[in-house]
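The structure appears right after this line, and notes come after that.
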Amino acid sequence: MMSQSGIDQSNPVETLDIRRFLPHSGVMVLLDRLLEVGPEELLAEVAIRPDSLFCDGRGVPGWVGVEYMAQAIAAYAGYTAQLRGEAVKIGFLLGTRRYEASCPCFAVGSLLTIHVHRILQADNGIGSFECRIHAGREQLASATITVFQPADAAVFLEGSTE
């Protein structure tokens, strides 16, 4: 079944490039693949390679996990926007609570799965997500991330300078 946006809702992730759902471009797209998406959650994947952004040769610092989580949330927002026939829009990471990483870096050769689950979505654009990063069955990081997606980011940014 195809929606207005051209997304095959019967098997959405097999043929979809995650870049299609992100407001990022070029090297700033840190995630590799969209694995699964549901009404309240998304599962994405990233392979840590020597040429990964932020890689120091041994791996990617653990604090980059916050950005992996934020991009997975952005992909979720972009995917759901396209299901409604809307364009992908930018949003803002407002805060991170309880970011805990069990490793100082994500080692080269690791295959990470990023899981985000929406726990709150207010009408004013504020959302909250429980997020986890796994390598296989091992949980490497977790956090609750709060985001904001204004109806019109340009108007919001213009108003924030006054």
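The table below lists the values:
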| read-out | value |
| --- | --- |
| Qualifying residues in segment 49-102 (those that are assigned to a helix (DSSP H, G or I), in contact with a helix residue (DSSP H, G or I) (Cβ under 6 Å, 6 or more places away or on another chain) and of a type outside the set (A, V, I, L, M, F, W, C)) - the one surrounded by the most Cβ atoms within 10 Å (Cβ to Cβ) | Gly78 |
| Selection count where residues are closer than 15 Å to Leu93 by Cα and not hydroxyl-bearing (Ser, Thr, Tyr), scope segment 125-150 | 12 |
| Verdict on Tyr79 being under 11 Å from the mean Cα position of the chain (by Cα), over 17 Å from Glu130 (Cβ atoms) and among the hydroxyl-bearing types (Ser, Thr, Tyr) | yes |
| Test result for Gly109, at pLDDT 95 or above, buried (at least 19 other Cβ atoms within 10 Å of the Cβ), more than 26 Å from Phe156 (Cβ to Cβ) and not hydroxyl-bearing (Ser, Thr, Tyr) | no |
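The values are calculated or read from the model by the stated rules, or taken from the named source; none is laboratory data. As the structure is a prediction and not an experimental result, all values here were calculated from the model. Virtual Cβ from ideal backbone geometry, glycine too; neighbours counted across all protein chains shown.
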